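Colleague: Before I ask anything, here is the structure I am working with.
Every number here is computed from the coordinates shown, using simple stated rules; none is lab data. Being a predicted model, the structure only gives us computed values, none of them experimental.
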Amino acid sequence: SEMRFVPGGSAVQVAGDASRQISFKEIATYAYKRITMLPDDMEPGLKEIAFYRKNGYLFCPGVFPAREIEIVRREVESLVKLKKSWVIKEHDGKTVRSVLNGHLHSAILDRFCKSERVVKPAMQLVNSPVYIFQSIVNVKRAFDGVQWPWHQDYPTYKIDDLMPKPRAVNCMIF
């Protein structure tokens with residue numbers, strides 16, 4: 001069965017079955033209780049912040065339940081079929097590599113990116129308000145297509161986008 005966003009942003013509905021709706025509040029409540037590295041209030045404690053500052057990352061398994069990831073996966077599957085400038089293809093012009101700033105084009109991805117399960121810990125880690133600078137859904141399969149090595153984007157962000165300081169938090173969700 002297919003999930004779709006219900007206008008008004010209150011739920012995800014199983015297509016063809018109006019009685020089966022999964023509210024984002026229900027999903028958020030469920031995931032909120034399952035975080036294993038963060039306290040119940042969703043803010044990293046001193047131990048997690050120290051770990052982040054020393055190692056440069058914080059791994060938090062179980063933040064998003066499989067059911068919610070499936071909703072997002074299906075949404076991404078529909079987005080990659082669109083012929084839009086923000087759907088980036090490999091050099092062959094056919095294979096989709098990434099969806100840029102999907103949160104601007106999909107209510108589901110917008111809610112996902114702005115979830116307090118992402119935003120609150122990010123704010124705590126940098127000790128300031130945060131905003132989405134960009135979002136990228138990489139759909140490229142491992143070992144297929146052109147590789148891109150790990151790199152530092154800040155020099156480009158500073159010059160092209162006037163990002164004042166390298167205080168970005170990358171949130172990778174997989």
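Colleague: Cross-link candidates for Lys120: which lysines have Cα within less than 19 Å, leaving aside residues fewer than 8 places away along the same chain?
Modeller: Within the straight-line limit of under 19 Å, Lys120 reaches these lysines: Lys25, Lys33, Lys47.
Colleague: Which of the pairs Lys114/Lys165; Lys83/Lys140; Lys81/Lys158; Lys54/Lys158; Lys114/Lys140 have their Cα atoms more than 27 Å apart in this structure?
Modeller: Listed pairs above 27 Å: Lys81/Lys158.
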